[in-house]
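The values are calculated or read from the model by the stated rules, or taken from the named source; none is laboratory data. Since the model is a prediction, treat every value here as computed from it, not as a measurement. So basically every Cβ, Gly included, is an ideal-geometry build from the backbone, and we count neighbours across all protein chains shown. Note: areas computed on protein heavy atoms with side chains; ligands, DNA, RNA excluded. Shrake-Rupley method; radii C 1.70, N 1.55, O 1.52, S 1.80 Å.
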Amino acid sequence: MEERTAVNDPDQPQPLPPGVRPFTTRAMLVTLLVLVTVVGGGGLAAAAGSQLFGAERPDGCEKPNRRMDLYAMELPKDAVTGQVRLGYGTTPGAASYPGPTIEMVEGQCLAITLHNRVSAETLAALRTNPTHPLGVSLHVHGVKYTQQSDGTTHSGSYVASGESRTYTWFAKKRDTKSAGTAGYWWYHDHVVGGEHGTQGIGSGLFGGVVVRRPGDPKPDRTFVTAFGDRQTINLRKSAAADTCDHANPQPGPTCFVAKLGERVEFINFGIGNDMHTWHLHGHAWANTRTGLVHGDGALADSTELVDNRTLGPGDSFGFQVVAGDSVGPGHWMLHCHMQFHSDGGMATMFHVLDAEGKMPPGGHHTPLATPSVSNHH
């Protein structure tokens, strides 16, 4: 079994290089003042690295109460475009794009150790500036973290090939001063190719995050859709976006399938540069944090219901629906409602199985039958 590496683990003292004596508090303060005076605030990160940014855990997180490992891996190149594909996975053999959905509950503090298994050669081929550092990172939206866990080059919080680093995320609770962190978010690389991680995201280094509040209903299945450039869903389009085997459908990044009556959750976000409109046939949801109607009476009556939502780059939202509610089993189209995007292949299917778990007839974007044409004379 591979030994877990815990570089920059917030709960373990970090070893000092040979010959280096530990700083006293006074010495550290003097060093900081000298650095600020000499290089200025803008050059502090580059001169001193991430260890000078202060606490490694955000306020409220005394100690991580949950841990997980995440691996950044090279995957087979795209069969159509030949583009490099990378992915995150909880084990080296389980990497995919999107990566694993990470669930948290408000109040939880999560330590994620990222292991970079992407070769330096691949990272060098993706970068747009020959002097840009080679590495992979983990940057998250929505939850709390310090600059030690920002996943950026300017903070030095990235991982070189063959190395590991621990990031700490805190799902802060709602209180009188804070809105909390409950919601649907996403995580992604912020280093591959350039300082904004554009090539990392474009290669597949992204995944969904959901932060729940205690008492939130749990879904039976969760699916992630990343709407991106070139009319893609999860970097795929047309037939590649829906590969469900009708005889034995297995849920995954290219197979959105559920049994009639199951509670299904969709986590959705925009990547790249294009605007989209996210639309699901046969199902609607409340325009709320969870997609569910909360309360009753006037509050429920005033809750907006939607089945189409605008999605821009970096935006994220999610919701839960009951599969086939009042519409029954079927192959329900999920697509961008910008017409030239859907015409260009930005569409897939949400397959709702019947009560026995069997696929209904049709599907795969093909008509059930060709209508007959009658000529009347």
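If you go through segment 289-301, how many residues are touching a residue at least 24 places away in the same chain (Cβ under 8 Å) and open to solvent by 70 Å² or more (accessible area, probe 1.4 Å)?
1
If a residue must be touching a residue at least 60 places away in the same chain (Cβ under 8 Å), out of contact with any helix residue (DSSP H, G or I) (no Cβ under 8 Å at 6 or more places or on another chain) and farther than 30 Å from P214 by Cβ, how many such residues does segment 138-179 contain?
4
What number of residues within segment 60-83 satisfy the criterion of being more than 17 Å from K144 (Cβ to Cβ) and open to solvent by 100 Å² or more (accessible area, probe 1.4 Å)?
4
Name the single residue, out of those in segment 266-288 being part of a loop (DSSP other than H, G, I, E, B) and within 17 Å of the chain's Cα centre (by Cα), that is surrounded by the fewest Cβ atoms within 10 Å (Cβ to Cβ).
By that ranking, first place goes to N273.
What number of residues in segment 79-96 are within 22 Å of H190 (Cβ to Cβ) and part of a loop (DSSP other than H, G, I, E, B)?
Selection size over segment 79-96: 4.
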